[in-house]
Amino acid sequence: MLDVAYAWDRLAMPRSLRHFEAKWADRANPHSFSGVWRFHELLPFAPREQCVTVGEGQTLLHPSEGVGKYVGLRPGRLYLQYEGMNPSGSFKDNGMSAAFTHARMTGATRAACASTGNTSASLALYCSVTRLMKAVIFVGSGKIAYGKLSQALDFGALTVQIAGDFDDAMARVQEVSRQLGIYLVNSVNPFRLEGQKTIMYRVLEGLRWEVPDWIVVPGGNLGNSSAFGKAFRELHELGLIPRVPRLAVINAAGANTLYRLVEQEGLRWNHGAPSESLIRKFYDDMNAEKRRAKTIASAIEINRPVNLQKCLRALEVCNGVVREVSDQDILDAKAQVGAGGLGCEPASAASVAGARLLVSEGVIGRDDRVVCVLTGHQLKDPDATVAYHTTDQELFNKVLGSRGVRRAAFANRAVAVSNNLDEIVKAIHLYG
Ligand SMILES: *Cc1c(COP(=O)(O)O)cnc(C)c1O
């Protein structure tokens, strides 16, 4: 694993974070408009004029009364950082703009990734908009939500469907990239994480540069959580924030490597030397038992998170905790988010389900200021949403029942009416 480190003492640094707000006045300039490059001084690995942007990071921090109530917080304490508003519909664009910039600096002509869907959608979008590189994406067979696959295909990426799951595709793309000299943009790529730091800068900006008590984020490959920890550690060391928030990383119960290693096995960062034997034994057991990741939240259906070590560091820096939530809890939380009007894909709702769990445990206080990151847009995975709200029991069983989901507590069912004016009017009176 490589890590990006800066010689901060040799770089010009603004005295206060308010400096970045001032860039709004200059938003006709694409680098000031970008929600990533607006913070260039905090990720200064490339000259500003070389930074690639497609207008990523125009995302907002929304207070949500409804979701806050569901989570169990007092009014005004819950915020949703809505990363679904990125050009390709997920937070991945934050990291892609940075990795893509570095790829261009190296003179790459092709870039590749293995993906549960959103990284490939993002890479494909950057390639098609900028025409700087060709995209090669690896997906597991039958493991990608249609919203995401449709983007990769539409944007013209070479799409290689491997007979296997994400962990298989991940292993192969690393071999292929090495052999063919293709630039790899998976979150093993440290520049991705540089771009993803800016999600937290925008959260702080949304809170008028105040530090929240908790950041809650779903954990898949653990790039986001790692990036968030790095962002806060650097800001704190630079004296730009007075304290760091606590971090909660939420696994799906069907893909809970981090949860088990940290909360059950006691794995820690340990000054940069986490117990390798503990990790090795965990994966050996996983292989022996042929355990495969399985969750409706396909974006976090990952059993071998590549950023495990960096995430341990983030948990250390932010006094973090890890929890697991069931697919049932994820979908109920997702319905609550949707009812609040933003809408997210299943993986994103793990953050809300996790926050609710932590409030019920008393780990998060009811008065704490909590930010849940909504990582991807609702339209990424319409199948899961429709199956949740459906009256068609067969569809429900096929998509959700097979994942152990038994009920849809917050289903908003369509009302079937014959094609008859009186019947329609009657139905509206009855249900409206
Ligand atoms: C990639 C992704 C995740 C997982 O993020 P990691 O950085 O891999 O932990 C969660 N939600 C969505 C929507 C994603 O696309």
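Here, each number is a calculation from the coordinates, and none is a lab measurement. Bear in mind that the values here come from a model prediction, so they are computed numbers and not experimental data. Here the Cβ is made from the backbone with ideal geometry for all residues, glycine too, and neighbour counts use every protein chain on show.
Distant-in-sequence amide contacts of Ser326, defined by a placed amide H-H separation under 5 Å and a gap of 5 or more residues or a different chain, comprise Ala253. Counting only alpha carbon atoms, the long axis of helix 346-360 and the longest principal axis of the chain meet at about 90°. In a DSSP loop and with at most 10 other Cβ atoms within 10 Å, the GluC sites (Glu not before Pro) in the range 331-432 are Glu361. Note on the range 1-69: percent of Cα-Cα distances in each 10 Å bin, starting at 0 and stopping at the bin with the largest distance, equals 17, 41, 27, 13, 3. For the range 225-307, the equivalent ellipsoid built from the Cα gyration tensor has semi-axes of 28, 17, 9 Å, listed from largest to smallest. Of the residues Ala7, Leu153, Asn189, the one whose Cα sits farthest towards the positive end of the charge dipole of the chain is Ala7 (charges of +1 on Lys and Arg Cβ, -1 on Asp and Glu Cβ, taken about the Cα centre).
Amide H contacts of Cys344: Gly338, Gln378, each under 5 Å away and 5 or more positions distant or on a separate chain (H built 1.01 Å from N in the peptide plane; Pro and chain starts excluded).
The stretch between Met1 and Asp154, if pulled fully straight at 0.36 nm per residue, gains 51.8 nm over its current Cα-Cα span. Charge dipole of the chain (Cα centre as origin; +1 on each Lys and Arg Cβ, -1 on each Asp and Glu Cβ, all else neutral): 440 debye, rounded to the nearest 20.
Our note on the geometry: Cα centres of the range 99-149 and the range 330-400, 27 Å apart. In the range 15-146, the alpha-carbon atoms span a convex hull of 145 Å³ per residue. Ordered by the number of other Cβ atoms lying within 10 Å of each residue's own Cβ, fewest first, Thr385, Thr375, Thr391 fall into the sequence Thr391, Thr385, Thr375. Put in line by how crowded their Cβ is, counting other Cβ atoms within 10 Å and starting with the fewest, Tyr126, Tyr431 read Tyr431, Tyr126. The distance separating the Cα centre of the range 246-297 from that of the range 28-88 comes to 29 Å. Potential lengthening of the chain between Gln179 and Trp24 amounts to 51.4 nm, from the contour at 0.36 nm per residue minus the alpha-carbon distance. The calculated FRET efficiency for the pair Leu430 and Glu394, based on their C-beta separation and a Förster distance of 25 Å, comes to about 0.45.
Relative to the longest principal axis of the chain, what angle (0 to 90°, nearest 10) does the C-alpha long axis of helix 308-317 take? It works out to around 80 degrees. Its Cα gyration tensor gives the range 142-183 an equivalent ellipsoid, and the semi-axes of that ellipsoid, as √(5λ) in whole Å with the largest first, are 20, 14, 7. Say a paramagnetic label sat at a point 7 Å from the Cα of Asn287, along Cα to Cβ; which residues of the range 293-334 have their backbone N under 20 Å from it? Counting backbone N atoms under 20 Å from the label point, the list is 293-294, 302-309. Average projection, convex hull of the Cα set of the range 79-183: 6.7 square nanometres. With bins 20 Å wide beginning at 0, the percent of Cα pairs of the chain falling in each bin runs 27, 59, 14, 1.
Of the Cα atoms belonging to the range 270-355, the radius of gyration and Dmax stand at 15.6, 46 Å.
Cβ crowding within 10 Å ranks Phe91, Phe191 as Phe191, Phe91, fewest other Cβ atoms first. Distant-in-sequence amide contacts of Leu184, defined by a placed amide H-H separation under 5 Å and a gap of 5 or more residues or a different chain, comprise Ala112.
Here the extension length gained between Asp9 and Arg407 equals 137.7 nm, from 0.36 nm per residue of separation less the Cα-Cα distance. Between helix 92-105 and the chain there is an angle of about 30 degrees, using the helix long axis and the longest principal axis of the Cα atoms. Using the Karplus relation 6.51 cos²θ - 1.76 cosθ + 1.60 with θ = phi - 60°, the per-residue 3J(HN,Hα) values for the range 399-405 come to 7, 10, x, 5, 9, x, 7 Hz, with x marking Gly and Pro. For Leu421 and Gln58, the FRET efficiency from 1/(1 + (r/R0)^6), where r spans their Cβ atoms and R0 equals 45 Å, is about 0.55. If you wrap the tightest convex hull around every Cα atom of the range 241-400 and split its volume per residue, you get 134 Å³.
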